[in-house]
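Below you'll find the structure, written out as structure tokens, and then a few comments.
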């Protein structure tokens with residue numbers, strides 16, 4: 001095809017030269033009308049072919065041109081022998097398997113278990129996930145080096161296939177598979193990441209889809225299997241946000257004692273009372289909830305008292321609240337991987353900017369409700385802030401040669417204080433079922449009210465007695481209480497990480 005285009009180009013150029021060189025013999029009368037139109041048409045077609053020739057051959061050596069084409073072409077290229085996508089241990093997550101008549105064929109050994117993080121590469125439906133974000137590496141035509149650009153030109157001239165590079169992810173296929181098995185029959189998300197460097201070990205969305213047949217999931221609006229819930233799903237965080245509020249209060253040197261009656265707390269005259277979950281449990285049982293009485297930050301956190309934290313939200317300065325929200329990047333997209341061809345990033349969370357006078361909003365936000373929605377990755381990030389000694393490391397799906405620096409959000413002393421609160425919540429509070437003594441699990445349950453059905457279940461935690469510090473965040477849509485719906489999954493993942501040697505207990509042995 002390329003040879004034919006060049007031949008046609010030569011014919012048109014020759015015709016144009018002949019017409020121009022012989023124009024001095026053409027009288028004014030003969031040039032007028034139809035012959036002039038023919039000459040202009042030939043010249044126009046010749047110009048188009050010149051541009052196409054320049055784009056296809058000379059443009060292949062232009063880095064800006066190649067990046068433009070890779071970014072805006074969502075369809076696979078048959079000129080590329082594509083690289084593989086591997087997990088952190090070299091396990092194949094995606095590889096080329098060309099078939100007669102189908103040079104785009106890809107194999108996904110983990111199937112649905114890694115579908116959302118790996119994505120798909122399909123001649124009809126294009127590319128998603130790391131197949132698209134990493135296409136610059138996988139296709140081998142990113143145009144980042146002179147050697148690569150030269151190879152592109154040679155491939156176009158000789159019709160040889162380009163060789164793509166492999167992409168090594170931080171994902172651990174063993175733990176990813178375990179999370180997939182544990183989440184069977186549920187909708188939700190699992191995020192597992194290291195707090196000390198931000199590397200993501202599990203990124204699971206359920207329900208999943210078959211990456212070899214993505215078309216089957218296109219019209220399943222009831223289950224939305226193509227939605228990447230850990231990154232794109234937006235949910236009220238419920239009581240998991242109390243980790244942020246406790247971090248803010250400790251940083252502000254606040255540890256107030258509040259009266260927490262059974263009837264709840266009204267932030268304003270026109271506000272509905274904010275009540276503890278125990279109130280509604282007793283109400284369903286036909287009994288009366290008398291409240292926790294006068295309690296401080298420790299008891300408020302351990303018992304996950306909404307009444308306490310609503311009042312704590314009013315005690316914390318509004319500008320300090322807005323600042324920690326900004327530092328945690330809650331109102332912006334958080335990028336896990338980016339190249340010239342795309343990126344893997346979260347949706348931006350929604351956390352309203354508050355003022356001192358806006359008491360209703362501040363009280364609702366302090367318990368993770370109201371006009372606040374976040375992604376599961378955001379919850380994992382603020383958990384990792386505490387696990388990382390107050391430093392927030394950006395999440396990574398591909399480990400770079402030089403790790404980006406973390407950002408200090410709270411002091412090491414403040415992080416240690418909140419870590420102690422989270423440990424007590426597991427030992428004596430709502431997270432008791434997650435207590436694995438040798439791992440010294442620190443965690444926080446969350447039960448988030450959601451319109452249209454049952455509550456969402458959250459549990460986010462880390463093993464403070466193990467190395468490296470591993471954060472596990474689980475969301476189960478309509479899962480009810482966090483301690484029942486999400487906590488058992490998180491516990492099983494920590495136990496599996498210990499068994500596999502992903503984390504270890506210093507001086508100790510696995511179970």
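None of the figures in this text is laboratory data; all of them are computed from the coordinates on show. Small disclaimer: the values here were computed from a predicted structure and weren't measured. Glycine also receives a Cβ, built like all others from the backbone with ideal geometry; neighbour counts cover every protein chain displayed.
Extension gain for residue 285-residue 319 works out to 8.1 nm (0.36 nm per residue, less the C-alpha to C-alpha distance).
Normalised by 2.2 N^0.38 Å, where N is the number of residues, the C-alpha radius of gyration of region 173-500 stands at 0.95. Each peptide in 164-177, 310-323 gets a packing score, the mean of other Cβ atoms within 10 Å over its residues, and the list from highest to lowest is 164-177, 310-323.
Available extension along the chain between residue 268 and residue 123 is 46.5 nm, counting 0.36 nm per residue and deducting the alpha carbon span.
Could you order peptides 293-303, 496-506, 374-384, 229-239 by the average number of other Cβ atoms within 10 Å of their residues, highest first?
Ranking the peptides 293-303, 496-506, 374-384, 229-239 by packing returns 374-384, 229-239, 293-303, 496-506.
Extending 7 Å from the Cα toward the beta-carbon at both residue 294 and residue 450 defines two label points whose distance is 4.0 nm. Relative to the 2.2 N^0.38 Å rule of thumb, region 258-308 has a C-alpha radius of gyration ratio of 1.11.
Kirkwood radius for region 366-511, taken over all pairs of different Cα atoms as the inverse mean of 1/r, rounds to 15.9 Å. Annotation: Cα Rg of region 227-369 relative to the compact-globule expectation 2.2 N^0.38 Å equals 1.19.
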